[in-house]
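A short worksheet on the structure shown next.
The values are calculated or read from the model by the stated rules, or taken from the named source; none is laboratory data. Fair warning: this is a prediction, and the values are worked out from it, not measured in the lab. Cβ atoms come from the backbone with ideal geometry, glycine included; neighbour counts cover every protein chain shown.
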């Protein structure tokens, strides 16, 4: 059936979504009429898509939408405060709770005003830089992305791709936008709505601001949930599965909780539900957060739906206010458990602000100075060191991804890392020596800590504009060589044997360490303030590292050990950028480079990964299409060269 040509509110929404660059022109037009004192005709200035469709939209309609947006935002903010029991004594934490940008509500209202119609595909153009902004939590133009985030590199890669076009014009990517009917939008789950490209077009923020909702409806999240009171601890077998996965996965990255103490208390509460621990807000918050994190991290590997983890997370929030009143160390643990959850599910407050809050709190307590530990029992001191360095690692992960300054500076830290010992080997008076042939579970987070410290050195030495301005070429080469040597030493000193606690934990496999090694090498060799331009040797090293990172990720993916979270999606995208740049920028015959580097085959592996990630992140679908367009052009060049031989 032919589609109606009558413009609808959803047409207006789609037009605005795909014509974002024209918004500035629209605002300028209004200002020009105001200066000329010309009477307003009450019609909005046209966008490019409006001109093509001969459509215009009255200001009254837009004003009505704006009023409804404000009303819905106020109602949702009030509902979130009630449902999540935000901590009133700590206004800083309340300020960080994410409120909706409002960009989704015009879609809801527009869909409500529209009669159901058939889906109409639309096309728009995008760039590599646009996609990187989405993947690095870019929510508005004023949000800063530094050089380490790879935004400048994405723009450079976009420019290099001109080599693939016959007339050296810009390599344009096309993506399809699907406009759903009102029934499809309002009758589906948030996974359908918030993951849609229609929403994606209205808000340039990343899809990671919204979790993998699965079958949860919007009202399940925004409305108060008296049913949470009835949520009970899961059956023993499932409870143990989630607890075991938390300690196998998250605890070996960020050892925040004392495992021995937690397991003892859990056994006591299960055997005696009337035990005082069962009435402790701190312990109940910790229990429900561990269940939520265990569930969401398992779902990130198994790609299963996340309604369970969201239920546990909301249950934990009911105890958060009282838990925050139990002291500074407890407040720090409360914040860090939310950070750990947010790495895999963005249902709660923004990761960037939570990490900053945790960093400021830890510095305020003096956890970064060795003198703060002098009078503490050994077990207490070791636990605080674990907590502090967990904050440090979280800060490095998030700040490096965004290219922003670190909240914790290496020069200010003089406390030694935590000991390579399990909880049962640590008491108030000392640490019991264990068999050196059997590494403790803390050997893994200690090795990950060293990786984060190396990443910090790379950012400081390679991506700092001030430090690099006066250096000679030989000094710059010495920095690259030294950092590369440290990365090699880090990879060679990997803990062995790795703990065999769960077959699906990514960082309990040597492939995870290979993946991170090649990721850091690629970050070291891509164009940066230290080396804005690369010689052929560095370009080849960059391409080799990026290709191997993609292949290691594919290996983990096929072994069902790959975590499908926003951090790994960003890592894969930057690896794909690096491989594309290194392949296209080499001066040799491009067809020869493609065959020697096997770039087409490697990019096809990346497409496979993005296809899987698109189940959870709509942004991955756009990236997959972009890579497919590059591969298609590479294949044409290869076939043309083969036919001429």
* In segment 387-421, what residues are free of Cβ contacts under 8 Å to residues at least 40 places away in the same chain and within 16 Å of residue 256 (Cα to Cα)? -> 388, 417, 419, 420, 421
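Select from segment 294-313 the residues that are in a helix (DSSP H, G or I) and touching a helix residue (DSSP H, G or I) at 6+ places or on another chain (Cβ under 6 Å) and write down the one among them that is surrounded by the fewest Cβ atoms within 10 Å (Cβ to Cβ).
Of segment 294-313, the ones in a helix (DSSP H, G or I) are 294-302, 307-313.
Now drop any that are not touching a helix residue (DSSP H, G or I) at 6+ places or on another chain (Cβ under 6 Å), which leaves 294-296, 298, 308-309, 312-313.
Details: 294: 25, 295: 28, 296: 28, 298: 25, 308: 20, 309: 28, 312: 26, 313: 26.
In this case the residue turns out to be 308.
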* Take residue 448 and decide whether it is under 25 Å from the mean Cα position of the chain (by Cα), more than 23 Å from residue 344 (Cα to Cα), surrounded by 12 or more Cβ atoms within 10 Å (Cβ to Cβ) and not assigned by TED's automatic domain parsing to the domain that holds residue 250. => no
* **segment 524-577: number of residues that are within 22 Å of residue 157 (Cα to Cα), within 19 Å of the chain's Cα centre (by Cα) and touching a residue at least 60 places away in the same chain (Cβ under 8 Å)** => 7
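Pick out the one residue from 378, 459 that is over 21 Å from residue 515 (Cα atoms) and in contact (Cβ under 8 Å) with a residue 24 or more places away in the chain. Write out each step before concluding.
Working: 459 fails: over 21 Å from residue 515 (Cα atoms).
The conditions single out 378.
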* **Set 321, 333: member being more than 17 Å from residue 255 (Cα to Cα), touching a residue at least 12 places away in the same chain (Cβ under 8 Å) and either touching a helix residue (DSSP H, G or I) at 6+ places or on another chain (Cβ under 7 Å) or part of a helix (DSSP H, G or I) (or both)** => 321
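Name the residue, out of 344, 353, 388, that is closer than 22 Å to residue 289 by Cβ and not in a helix (DSSP H, G or I).
Numbers: 353 fails: not in a helix (DSSP H, G or I); 388 fails: not in a helix (DSSP H, G or I).
Matching residue, one of 344, 353, 388: 344.
If I go through segment 593-620 residue by residue, how many of them are more than 15 Å from residue 554 (Cβ to Cβ) and in contact (Cβ under 8 Å) with a residue 24 or more places away in the chain?
The first filter runs over segment 593-620 and keeps only residues more than 15 Å from residue 554 (Cβ to Cβ), leaving 593-597, 614-619.
Next, only the ones that are in contact (Cβ under 8 Å) with a residue 24 or more places away in the chain stay: 594-595, 597, 615-619.
Adding up the residues that qualify gives 8.
Answer yes or no: is there a residue in segment 606-623 that is out of contact with any helix residue (DSSP H, G or I) (no Cβ under 9 Å at 6 or more places or on another chain) and either over 30 Å from residue 471 (Cβ atoms) or at pLDDT 90 or above (or both).
Within segment 606-623, one or more residues are out of contact with any helix residue (DSSP H, G or I) (no Cβ under 9 Å at 6 or more places or on another chain) and either over 30 Å from residue 471 (Cβ atoms) or at pLDDT 90 or above (or both).
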